[in-house]
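The values are calculated or read from the model by the stated rules, or taken from the named source; none is laboratory data. No experiment lies behind these values; they were computed from the predicted model shown. Reconstructed Cβ throughout: ideal geometry from the backbone, glycine too, with neighbour counts over all protein chains shown. Protein only, heavy atoms only, side chains kept; ligands, DNA and RNA dropped before computing areas. Shrake-Rupley method; radii C 1.70, N 1.55, O 1.52, S 1.80 Å.
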Amino acid sequence: MSRADRSSTAIAILSDFGYRDHYVGVMKGVIESIAPGARSLDLTHGIPPQQVNAGALVLAQSWRYFPQRTVFLAVVDPGVGTDRLPIAIATHAGAFFVGPDNGLLWTAAAAAQIKQIVELKTARYRLPNPSSTFHGRDIFAPAAAWISRGVRLSSLGPPREQIVKLEVTTEARETSRAIEGKVIYIDRFGNLVTNISRGQIDRLAARDPRFAERLTQGRLEIRLGRRPAFRIGRAYGEVAPGRPLGLFGSFEMVEIAVRDGDAAAYFGAGAGSRVTITAGK
Amino acid sequence: MSRADRSSTAIAILSDFGYRDHYVGVMKGVIESIAPGARSLDLTHGIPPQQVNAGALVLAQSWRYFPQRTVFLAVVDPGVGTDRLPIAIATHAGAFFVGPDNGLLWTAAAAAQIKQIVELKTARYRLPNPSSTFHGRDIFAPAAAWISRGVRLSSLGPPREQIVKLEVTTEARETSRAIEGKVIYIDRFGNLVTNISRGQIDRLAARDPRFAERLTQGRLEIRLGRRPAFRIGRAYGEVAPGRPLGLFGSFEMVEIAVRDGDAAAYFGAGAGSRVTITAGK
Amino acid sequence: MSRADRSSTAIAILSDFGYRDHYVGVMKGVIESIAPGARSLDLTHGIPPQQVNAGALVLAQSWRYFPQRTVFLAVVDPGVGTDRLPIAIATHAGAFFVGPDNGLLWTAAAAAQIKQIVELKTARYRLPNPSSTFHGRDIFAPAAAWISRGVRLSSLGPPREQIVKLEVTTEARETSRAIEGKVIYIDRFGNLVTNISRGQIDRLAARDPRFAERLTQGRLEIRLGRRPAFRIGRAYGEVAPGRPLGLFGSFEMVEIAVRDGDAAAYFGAGAGSRVTITAGK
């Protein structure tokens, strides 16, 4: 491996391993052993335990912000030790994805346009005697490290035609006059991320002139639980401290926030809470 | 960019983003995309949400321990989306500071002696179409990465004369015979960091021979809440396990600790709790 | 320092500093100042506050997964400021260990075969005026950085013959027909790691043909608290979701898990809970 090869590929790591244990640290030790000087970047290890959906959502929202040829090592793996396959994916966009074939990789990889899928089976690219409980260390981290060193996917194992598909951002329901969605992620600040995308808002606006007018005026109304309706604005600064507003969040989904506050607490809302957007009265 | 350039500048990142979400990871992806091989070091992401004061204190205590030309990327930004400015600062000490102009950078930058301030406005050094909710990703991380690559501050935007000043370490009150301060930070171990500095203790000792004598003898008394007074010592080992003591902490402020214990729990104390130091009886 | 030197040694950091404060970040600043471009890898900072035993266990389980010449910087240090010594250890396996002489380093260093021990005393390889509260920053991080740059242990201070020994994995008790152990670590997922090793199971099997037979059949029984006995299997997939099983975990100790669940909650178990393994009826 030349130094140039090395600096061309970062490894971004996502997991539900948290920060209390040594699991992530040990994976980095394995990566450093195989690919000395590899640039491991923590995407996050705070995915709630075994919540494949949350991991898939985060990966789908994040991959575009990394260099083109980044290897994404993603481990949210409740099925470790069952017959779910360990896989690696190459994409036309340049990104690689390594992890369990349980849907975790699907949304991101599909957006990056899947080019090649392999099952991680070649013994020389795994640790010897892989455990049945920690494929992150024994199978996935080695594969990511070898890919970052330029090993071809076809060397890592046999090709696969299909992978498990998990739609994390099932679109909200559109009626003639409203969009009915739900909260799909709550961040540290209590912001409520919904499954309503900017694209969906724009589509309804294209069909309904009144909806379009209100969108332009910043007067679309959003409802959540029993609190009064509030507006979709452009920035926190449009409302007074302590007041709610909806906005297109940093990942182009409608988010609900409370200025200088915590929207999850304000609304008593959680993942799954229903959200409705209308043109208002 | 030559390799030599790259190795000359680390990027130290501080935020209130926590460890549950992907916000920090995405910022690192942006940095790696702009400045491949950049050395991003996490100062901490555990600043309590939107507490600019705590972030400013931590930054002020930490910057001296990094290499001279480090770029500090600091994001505690309750005003994102309002008219608060995004700024970058160059200092005579060599450090750069990038973040919101809300006081977060002030104490550290002033200590490093401000040389130049600019508003981060040049479009080519931001991500395209910056969001109104995540300037860490869209404006601050790109600026830090470009500065680490050697881009001049004057290229990033127009000069500014002033920044928002926030005094995080308002000094404790000195009377003729006592220093009256308060708890300003509680760490993971329950140690209580006060706003009473070693310098302030030394000044009172220079005025009051009895205070000076007790300081030398390690017999100054410290009071907090309803618990009996205890002494300011030099090291945890001077008291029995479970007993409190005051000491000059690792950042030269008076800290209150309980040996092998948790002072916050022992005293039922929090940020703002009053602390008094006297020469004793 | 040549670039080749730099890339030859990673620094793996373990502490109980957590993620809320800036202590770890400041240590990384110190390392980067002394050894620019050093590769600091976080093993974990989530060791429970001041629990030397947990830190020692994690270090013992992890060091083998890092490159041969890694410097392990380990700080769980309730005795900072007492007369416990700061030390560094070189081993025949190639790993270095730096930290307090309180037993934290013992199990891992002994496994790596201790070659040389020194007390960290040489002033020029510490920060000036070390505090009595933060040797991680003032003594240990500098020592680790200098070792990563190739400074000899003998330069760091006088040799020591002995270090404090702390047996973290006191083996479980073997009777003629059973192994009686206990839970020694609970991970983020609620998995219960016991002090019963695969080697101990194999030894009892070598003495007791019935025990050996049941082991081969996957029918050894394990008991914990008042719940019915359950089996030691090979992978989570062998039981239904929500059901418990024992297995040889990723570090070759018997672990107790609940498939798609949390064993600590299921059993109401914690560190110290008793675990018994028998051949069953």
Check the range B:54-67 and report whether any residue there is assigned to a loop (DSSP other than H, G, I, E, B) and farther than 23 Å from B:ASN195 by Cβ. yes
Those residues of the range B:65-87 which are touching a residue at least 24 places away in the same chain (Cβ under 8 Å) and either more than 14 Å from chain A (Cβ to nearest Cβ) or among the small types (Gly, Ala, Ser) (or both) amount to B:PHE66, B:PRO67, B:GLN68, B:ARG69, B:THR70, B:VAL71, B:PHE72, B:LEU73, B:ALA74, B:GLY81, B:ILE87
Picking from B:ILE277, B:ILE256, the residue that is farther than 15 Å from C:GLY81 by Cα and crowded, with 19+ Cβ neighbours inside 10 Å would be B:ILE277
Looking at this structure, is B:SER33 within 14 Å of chain A (Cβ to nearest Cβ), of a type in the set (Gly, Ala, Ser), open to solvent by 10 Å² or more (accessible area, probe 1.4 Å) and closer than 16 Å to C:HIS22 by Cα? no
Checked the range B:73-103 for anything part of a strand (DSSP E or B) and closer than 15 Å to B:VAL118 by Cα; matches are B:LEU73, B:PRO86, B:ILE87, B:ALA88, B:ILE89, B:ALA90, B:THR91, B:PHE96, B:PHE97, B:VAL98, B:GLY99, B:PRO100
C:SER40 fails exactly one of (1) of a type in the set (Ser, Thr, Tyr); (2) more than 10 Å from chain B (Cβ to nearest Cβ); (3) under 21 Å from C:THR91 (Cα atoms), namely (2)
Note on the range A:62-78: residues out of contact with any Asp or Glu (no Cβ under 7 Å at 6 or more places or on another chain) and either surrounded by 20 or more Cβ atoms within 10 Å (Cβ to Cβ) or under 30 Å from C:GLN68 (Cα atoms) (or both) are A:SER62, A:TRP63, A:TYR65, A:ARG69, A:THR70, A:VAL71, A:PHE72, A:LEU73, A:ALA74, A:VAL75, A:ASP77
Per the filter on the range B:191-208, residues open to solvent by 40 Å² or more (accessible area, probe 1.4 Å), touching a Ser or Thr at 6+ places or on another chain (Cβ under 9 Å) and of a type in the set (A, V, I, L, M) are none
When the range A:148-178 is checked residue by residue, the ones that are over 23 Å from the mean Cα position of the chain (by Cα) and in a strand (DSSP E or B) are A:PRO159, A:GLU174, A:ALA178
Residues of the range A:108-133 being modelled with pLDDT under 95 and in contact with a Ser or Thr (Cβ under 8 Å, 6 or more places away or on another chain), in sequence order, are A:SER131, A:THR133
Checked pairs for the range A:9-38, first of a type in the set (Asp, Glu), second open to solvent by 20 Å² or more (accessible area, probe 1.4 Å), C-beta under 6 Å and 6 or more apart or across chains, list as A:ASP16/A:PRO49; A:ASP21/C:ARG188; A:GLU32/C:PRO67
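Each row is one residue, and each column tells you yes or no for (1) buried (at least 20 other Cβ atoms within 10 Å of the Cβ); (2) touching a helix residue (DSSP H, G or I) at 6+ places or on another chain (Cβ under 9 Å); (3) of a type in the set (Asp, Glu).
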{"site": "A:GLY18", "(1), (2), (3)": "yes, yes, no"}
{"site": "A:VAL26", "(1), (2), (3)": "yes, yes, no"}
{"site": "A:GLY55", "(1), (2), (3)": "yes, no, no"}
{"site": "A:ALA60", "(1), (2), (3)": "yes, yes, no"}
{"site": "A:ASP83", "(1), (2), (3)": "no, yes, yes"}
By residue number, the members of the range A:223-281 that are aromatic (Phe, Trp, Tyr) and over 25 Å from A:TYR65 (Cα atoms) are A:PHE230, A:TYR266, A:PHE267
Filtering strands (runs of 3 or more DSSP E) wholly in the range C:188-281 for at least 1 residues that are more than 10 Å from chain A (Cβ to nearest Cβ) and in contact with a Leu (Cβ under 6 Å, 6 or more places away or on another chain) gives C:230-233, C:253-258, C:274-278
Problem set entry | Residue within the range B:215-234 that is open to solvent by less than 30 Å² (accessible area, probe 1.4 Å) and out of contact with any strand residue (DSSP E or B) (no Cβ under 6 Å at 6 or more places or on another chain) present | no
C:ILE47: passes all of (1) outside any loop (DSSP other than H, G, I, E, B); (2) open to solvent by less than 10 Å² (accessible area, probe 1.4 Å); (3) closer than 19 Å to C:TRP106 by Cβ but (1)
With criteria (1) surrounded by fewer than 22 Cβ atoms within 10 Å (Cβ to Cβ); (2) modelled with pLDDT of 95 or more; (3) within 30 Å of A:PHE248 (Cβ to Cβ), B:GLY94 comes up short on (3)
Whether any residue in the range B:43-56 is farther than 22 Å from C:TYR23 by Cβ and either away from chain A (no Cβ under 13 Å) or touching a residue at least 60 places away in the same chain (Cβ under 8 Å) (or both) is what I want to check. no
Taking the range B:176-185 and keeping only residues that are surrounded by fewer than 21 Cβ atoms within 10 Å (Cβ to Cβ) and in contact (Cβ under 8 Å) with a residue 40 or more places away in the chain, one is left with B:ARG177, B:ALA178, B:GLU180, B:LYS182
Looking across the range B:99-119 at residues that are open to solvent by less than 30 Å² (accessible area, probe 1.4 Å) and among the charged types (D, E, K, R), the single one that is farthest from the chain's Cα centre (by Cα) is B:GLU119
Apart from one, (1) outside any loop (DSSP other than H, G, I, E, B); (2) more than 14 Å from every other protein chain (Cβ to nearest Cβ); (3) closer than 26 Å to C:TYR65 by Cβ all hold for A:PHE140; the odd one out is (2)
Practice task
Would you mind stating whether A:PRO159 is modelled with pLDDT of 95 or more and within 14 Å of another protein chain (Cβ to nearest Cβ)?
Solution key: no
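For (1) touching a helix residue (DSSP H, G or I) at 6+ places or on another chain (Cβ under 7 Å); (2) in contact (Cβ under 8 Å) with a residue 12 or more places away in the chain; (3) open to solvent by 40 Å² or more (accessible area, probe 1.4 Å); (4) not aliphatic (A, V, I, L, M), each residue gets a yes or a no:
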site: B:LYS121; (1), (2), (3), (4): no, yes, yes, yes
site: B:SER132; (1), (2), (3), (4): no, yes, no, yes
site: B:ARG152; (1), (2), (3), (4): no, no, yes, yes
site: B:GLU174; (1), (2), (3), (4): yes, yes, yes, yes
Over the range C:16-29, the set of residues touching a Gly at 6+ places or on another chain (Cβ under 9 Å), within 7 Å of another protein chain (Cβ to nearest Cβ) and of a type outside the set (Lys, Arg) is C:PHE17, C:GLY18, C:TYR19, C:ASP21, C:HIS22, C:VAL26
